[in-house]
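Have a look at the structure below before the remarks.
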Amino acid sequence: MPPHWWGEDLQIRERRELPTPASKTSQALREALKTLVEPLQSQAHRVAIASTGIIREGNLLAINPRNLGGLLHFPLVQTLEDLTGLPTLAINDAQAAAWAEYHALNEDTRDMVFITVSTGVGGGVVSDGKLVTGIGGLAGHLGHTLADPNGPVCGCGRVGCVEAIASGRGIAAAAQGSLAGCDAKTIFSHAAEGDEQASRLIADSAQVLARLIADTKAITDCQRVVVGGSVGLAQGYLAQVRACLERMPPGLSRRIKHGILPPRRGTAGRGIVSARREG
Ligand SMILES: [Zn+2]
């Protein structure tokens, strides 16, 4: 959980980092947030927080409540407002990244979908120039759409989600034999050296992502799909996704591009500062 202090010039002024508390209790999280924001609050005018999970009316939730343990319904906005006395906005991290990427597009696009392929798979939808968070905060959770009804069980509890196959965690979990226990980064390096199993695992991920992009295009008719995240931006990955898309009808496969923002670098702050400046 790294907070940043952003200036109006979109530059990070200061960065601090703490591991998410292992105990997963509200008290531990509140203490960790306090440690992080206290030294920054006198210099800030507002707080924006991007968090994994579903943000509903300022509270933290999950598709599968079991994943959050004691943090379910944690009052994220209220806690930060109490700690800092500053107006606070909370948003899902992938939705925040989508908003930041949308503002970085620099083109006449009103409808964009951002998909981040990293440890998990997340996303965000911008429709007619507005970020769609959904009435319950769920909009854009593209990683939990179905990729394979006979696939592995996802962290959310559903069988065969996109995330269970395409994400870094999914790639690593499917590794066997000589690659068993390797993380996605290591599997990518093995693939670059020509390892057959590693290449197949990455190709499976790219194939699943390409199908998700085509589905997303069919559902939203977006003008752009932007792919980010540490897997999404890994060398050669998007080229594989594009190759899969080229085998589909052209109407479902055009206008795909790399995200330009480095993964997990204060995207909420960047999105909010740039939205204020431009809108
Ligand atoms: Zn899922």
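Computed values, structure above
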item	result
Residues that are assigned to a loop (DSSP other than H, G, I, E, B), under 16 Å from A104 (Cα atoms) and small (G, A, S), drawn from the range 215-257	G229
Scope the range 202-244; condition acidic (D, E) and closer than 16 Å to R255 by Cβ; matching residues	D215, D221
Of all residues making up the range 136-149, the number that are in contact with a helix residue (DSSP H, G or I) (Cβ under 7 Å, 6 or more places away or on another chain) and more than 8 Å from the ligand (Cβ to nearest atom)	5
Within the range 150-178, tally of residues that are more than 16 Å from the ligand (Cβ to nearest atom), more than 17 Å from V231 (Cα to Cα) and either crowded, with 16+ Cβ neighbours inside 10 Å or of a type in the set (A, V, I, L, M) (or both)	0
Residue check for N59: within 16 Å of the ligand (Cβ to nearest atom) and either in contact with a strand residue (DSSP E or B) (Cβ under 6 Å, 6 or more places away or on another chain) or touching a residue at least 12 places away in the same chain (Cβ under 8 Å) (or both)	no
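Coordinate-derived values only; no laboratory data. Just so you know, these numbers come straight off a predicted model, no measurement behind them. Cβ coordinates were reconstructed from backbone atoms using ideal geometry, including for glycine residues, and neighbour counts include every protein chain displayed.
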